[in-house]
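**Q** Attaching a single structure in C-alpha cells format; questions to follow.
The values are calculated or read from the model by the stated rules, or taken from the named source; none is laboratory data. Nothing here was measured: the structure is a model prediction, and the numbers come from that model. FYI the Cβ positions are ideal-geometry reconstructions off the backbone, even for glycines, and counts take in every protein chain you see.
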Amino acid sequence: MERKVRVAIVGFSFMGTTHAQAYQALADADLVAVVARDKVRAADNLGRLNLTKPVYSSLSELLASEDVDAIDICTPTDLHADFALEAIAAGKHVFCEKPLALDPQDAERICVAVEERGVFAQVGHCIRFWPEYQALTKLVRSGSAGRILSLSLERRGARPSLGVANWLNDPTRSGGAAMDLHIHDTDLVLDLFGRPQAVTSTGTQDAFGWSQIHTIYHYADVAVAADGGWNSPEHWGFKMAFQAVFERAVLEYDCRRTPTLCITNEKGNAMPHPFETPFRAESVSGLGNLSSLGGYYNELAYFINCIANNCRPEIATPAQARDAVKLVWSEIASAAESRTISLKGF
C-alpha cells in the first residue's frame, strides 16, 4: 500500500486518545476521523492532542463520509460486537480493544465474520507486545534457561474511574475485573502453554462483578497461576508483575520497580534482564497516568504494518481473543461454583 493506512477510531475517551497518540507516532498511519456519542467531549480530547479531525456521531455516518482502511474500536466492551460486525460488513480491517466481546457467542460471531469477509483483524491484548512480557515469551520458547517450571502472574489496581458514565464498574458492560483486567494474563497463559486441562478459581464478587479472581491453570508439566483484580484501596496504584522459574534461572518483572525486569542465574547473581526498549511518548491527553505508550504503540505498529503489507495478523487474533474470553468464563464458573472446571472439549 503506497499511501498511509487510513484509520478511524470509534470511542474517544482514555483508550481512544491513547491509540490516537500511537497513530500520531506511526509514519505509515493516518488518523482521519473519530466516532463518538459525545462530540463535544471528543473534540475537546482531540484538542488536547493538538489534532483537528472530524467527529461523527455514528459509525454508519463515518463510513458514508470517509475513505478509511481500518476501524479501531475503543468503546465500552458491551458495544464491541456491534461495531466490529458493522465495520467488517463494510469491508474494513478492524482493531478491537480487549476483550473482543463480553461473551463467547459474540466473540465467535466476530471470528466468523472476519473469515467470511476476508478482512484483517487484531485484538488489543497489549501485553503480547509489552517488552518485558515479550522477553518472558522469548525465554520460554528459546529454552536458553532450561524448561519453565512455574509461572505466577499478578495484575492489580484500584477500582477504575476513567470510564464514561462509570461503565467499567458496571459488570453488565465490562464483565468486571475478571474480564477487563485479568484477561490479559489469561490470554498470555494460552499463548505460552495452550489450553489447560482444567481451571480452579476463587475470587471476590461484589456489586461490581468479579472484582478479583485467582486462578490455577492445570497443566501436566508446568505450574501456572494468575491473580488479578481492581479492588485495592483507591490510592494504591497499579501493579503488573510475574515470576517465572526455569530450570537454570528465575525471571522476575514488576512494573513498579527499577529495573523492571531482573534475572537470577544459577550462580545467584541477580541482574537486569535485557529487553527491547519500549517506545517512549508521554501521554498528553490528561486522561490517565500513562507514561509510555509501550505495548500500545507496538501492537498498533504491528497492525498497521500488516495492512500496509497485505499480511494477516498472527498475534492477538480474533480466534485467540475468543479463546481468552471462553477461558475467563470458565474461570468465573469455577469461582462461582467453588469447583474445578474441566476444559475437555473447550
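**Q** With M1, M15 as the choices, which residue is modelled with pLDDT under 95, in a helix (DSSP H, G or I) and within 28 Å of V112 (Cβ to Cβ)?
**A** Sole residue among the options that is modelled with pLDDT under 95, in a helix (DSSP H, G or I) and within 28 Å of V112 (Cβ to Cβ): M15.
**Q** Assigned to a helix (DSSP H, G or I), outside the structural domain of A225 (by TED's automatic domain parsing), in contact (Cβ under 8 Å) with a residue 12 or more places away in the chain and closer than 20 Å to I315 by Cβ: which single residue out of A101, A84 fits that description?
**A** Matching residue, one of A101, A84: A84.
**Q** If you don't mind, another one. Run down E97, E116, E86 and say which single residue is of a type in the set (D, E) and closer than 22 Å to L190 by Cβ.
**A** Unique residue meeting the criteria: E97.
**Q** Same structure again: Any residue that is without any contact (Cβ under 8 Å) to a residue 60 or more places away in the chain, over 16 Å from the mean Cα position of the chain (by Cα) and assigned by TED's automatic domain parsing to the domain that holds R41 - is there at least one of those in segment 118-132?
**A** yes
**Q** Related question: With the requirement that a residue be more than 20 Å from W210 (Cα to Cα) and surrounded by fewer than 18 Cβ atoms within 10 Å (Cβ to Cβ), what does segment 223-234 give you?
**A** Within segment 223-234, just A223 meets the criteria.
**Q** Looking only at segment 134-143, decide whether some residue is part of a loop (DSSP other than H, G, I, E, B), more than 29 Å from A333 (Cβ to Cβ) and more than 17 Å from the chain's Cα centre (by Cα).
**A** yes
**Q** Scan R312, R339, R322 and give me the residue that is under 20 Å from E97 (Cβ atoms) and either over 23 Å from the mean Cα position of the chain (by Cα) or surrounded by fewer than 20 Cβ atoms within 10 Å (Cβ to Cβ) (or both).
**A** Result of the check over R312, R339, R322: R312.
**Q** Can I ask one more? Examine segment 21-42 for a residue that is over 23 Å from G163 (Cβ atoms), part of a helix (DSSP H, G or I) and at pLDDT 95 or above, and state whether such a residue exists.
**A** There is no residue in segment 21-42 that is over 23 Å from G163 (Cβ atoms), part of a helix (DSSP H, G or I) and at pLDDT 95 or above.
**Q** With of a type in the set (D, E), modelled with pLDDT of 95 or more and closer than 16 Å to L102 by Cβ as the only criterion, which of D227, D185, D180, D191 stands out?
**A** Residue meeting the stated conditions: D180.
**Q** Output the residue which, of all residues in segment 91-142 that are polar (S, T, N, Q) and within 18 Å of A22 (Cβ to Cβ), is modelled with the highest pLDDT.
**A** Q122
**Q** For segment 149-201, what are the residues that are among the β-branched types (V, I, T) and either surrounded by fewer than 16 Cβ atoms within 10 Å (Cβ to Cβ) or free of Cβ contacts under 8 Å to residues at least 24 places away in the same chain (or both)?
**A** T172
**Q** Among the candidates V94, V68, V114, V140, which residue alone is closer than 30 Å to H218 by Cβ and crowded, with 19+ Cβ neighbours inside 10 Å?
**A** Within the list V94, V68, V114, V140, the selection yields V140.
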